[in-house]
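Peer 1: Pasting in a structure now, in C-alpha cells, and then I'll have a few things to ask.
The values are calculated or read from the model by the stated rules, or taken from the named source; none is laboratory data. On a predicted model such as this, the values are computed, not experimentally measured, just so you know. Note that we place each Cβ from the backbone using ideal geometry, even for glycine, and neighbour counts take in every protein chain shown.
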Amino acid sequence: MVKGLVLAGGGARGSYQVGVYEALQEMGWNPGVIAGTSVGCLNGAMFVMNRLDMARSMWLTIENEQIMKVPRDPSAQELYGFLQDVIRRGGMDVSPLEETVRRALDEKALRQASVRYGLVTVNKHTMKPLQLTLEEIPNGKLLDYMLASAACFPAFCSRNIDGEEFIDGGYNDNMPFALAARMGADELIAVDVDGIGITRPNRTGLPTTCIRSQWSLGGIL
C-alpha cells in the first residue's frame, strides 16, 4: 500500500502541518507520495527532503520580513508609497520568500528522494489548474513552480514562468486529493488548515483520513 499525504494551503496556518507530520513520523507512518498546494507544497518539499527539523525551526523563527517586503512603522507618506508600489506590481513583493525557499530547497535531493512529490498552481489568465508531479517539472524550474503554487494573488504578485503568469493553487484545488491518487497513492491522510481556497470533494475513492485542528490556527498571514 502506497501512503499518500495531502497538504492543503492556508498561509501561516501551515505551521500546523509540521506538527502533524512529526506526530505521524513518531507513529511510524511514512508516505510514499506527498501532494501539496500553496504552503502545503512548501512544507511537503521539506518533508520529502527529510528536513523536518529545518521546517520546524523555520516556522518557529520566521518573520513577515522573510516573506514579503513591508515597511516597518511607516509614515503616512511611506505607507502611501508602499501601497502605490503594491498596486503597480500587482501584489506585494515576495522576493524575501523566494530567498527563504531558495536557501531551504535542494532540488537535486528532492529529485533523488524515494518519496514522490507534486504540487498545484493555477494559470492566472485561464484560471485552469496545473497539477504537476516532480517528474513533470523541468530541471531548474522547481523553485518557480513552488512559488507559483504559493502566490496568494492579489496580496502577492503572480509568478511568471516562461511568459505565463501563475497564481496560488488554492484558486482551484486547495486540497489535491486527485493529484495524490494520480501519483500512485492507495490511501490518504489529508491535513486541512482551514485555508481560504477552493477545496474540491474527494472523489478518489481511496480510504482517506482528514486531520484538522480543534482549535483556531490563527490568521493566514
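Peer 1: Can you find even one residue in segment 195-206 that is among the charged types (D, E, K, R), in contact with a Phe, Trp or Tyr (Cβ under 9 Å, 6 or more places away or on another chain) and closer than 16 Å to SER38 by Cβ?
Peer 2: Step one: list which residues in segment 195-206 are among the charged types (D, E, K, R), which gives 200, 203.
From what's left, in contact with a Phe, Trp or Tyr (Cβ under 9 Å, 6 or more places away or on another chain): 200, 203.
In the following step, the residues that additionally are closer than 16 Å to SER38 by Cβ were identified as 200.
Yes, segment 195-206 contains at least one residue that is among the charged types (D, E, K, R), in contact with a Phe, Trp or Tyr (Cβ under 9 Å, 6 or more places away or on another chain) and closer than 16 Å to SER38 by Cβ.
Peer 1: Return the residues of segment 117-144 that are in a loop (DSSP other than H, G, I, E, B) and either of a type outside the set (D, E, K, R) or modelled with pLDDT under 95 (or both); say none if nothing qualifies.
Peer 2: Initial filter on segment 117-144 (in a loop (DSSP other than H, G, I, E, B)): 124-128, 137-141.
Across segment 117-144, the qualifying residues are HIS125, THR126, MET127, ILE137, PRO138, ASN139, GLY140.
Peer 1: Still on this structure, please answer the following. So which residues in segment 11-48 are polar (S, T, N, Q), farther than 19 Å from SER114 by Cβ and touching a Gly at 6+ places or on another chain (Cβ under 8 Å)? Don't jump to the end; show me each part of the working.
Peer 2: First, pick out the residues of segment 11-48 that are polar (S, T, N, Q): 15, 17, 25, 30, 37-38, 43.
Keeping just the survivors that are farther than 19 Å from SER114 by Cβ gives 15, 17, 37-38.
Of everything in segment 11-48, those that are polar (S, T, N, Q), farther than 19 Å from SER114 by Cβ and touching a Gly at 6+ places or on another chain (Cβ under 8 Å) turn out to be GLN17, THR37, SER38.
Peer 1: Looking for whichever is part of a helix (DSSP H, G or I) and touching an Asp or Glu at 6+ places or on another chain (Cβ under 7 Å) here; the options are LEU147, LEU179. Which one fits? Can you show your working first?
Peer 2: On the way: LEU179 fails: touching an Asp or Glu at 6+ places or on another chain (Cβ under 7 Å).
Only one candidate qualifies: LEU147.
Peer 1: If you take the residues in segment 128-182 that are among the aromatic types (Phe, Trp, Tyr) and within 21 Å of THR100 (Cα to Cα), which one is surrounded by the fewest Cβ atoms within 10 Å (Cβ to Cβ)? Step through it out loud before you land on a result.
Peer 2: Taking segment 128-182 as the starting set, the residues that turn out to be among the aromatic types (Phe, Trp, Tyr) are 145, 153, 156, 166, 171, 177.
Next cut, within 21 Å of THR100 (Cα to Cα) only: 145, 153, 156, 166.
Values: TYR145: 23, PHE153: 18, PHE156: 22, PHE166: 24.
Among residues in segment 128-182 that are among the aromatic types (Phe, Trp, Tyr) and within 21 Å of THR100 (Cα to Cα), the one surrounded by the fewest Cβ atoms within 10 Å (Cβ to Cβ) is PHE153.
Peer 1: State which residue is nearest to HIS125 (Cα to Cα) when the search covers only segment 152-176 and only residues that are in a loop (DSSP other than H, G, I, E, B) and at pLDDT below 95.
Peer 2: Kept after step one, since they are in a loop (DSSP other than H, G, I, E, B), are these residues of segment 152-176: 152-155, 157-158, 162-163, 172-176.
Restricting the remaining residues to those that are at pLDDT below 95 gives 152-155, 157-158.
Numbers: CYS152: 15, PHE153: 12, PRO154: 13, ALA155: 17, CYS157: 14, SER158: 11 Å.
Only one residue tops the list, namely SER158.
Peer 1: Separate question: Can you tell me which of (1) in contact with a Lys or Arg (Cβ under 8 Å, 6 or more places away or on another chain); (2) assigned to a loop (DSSP other than H, G, I, E, B); (3) farther than 19 Å from PRO176 by Cβ; (4) not acidic (Asp, Glu) is the one SER114 doesn't meet?
Peer 2: (1)
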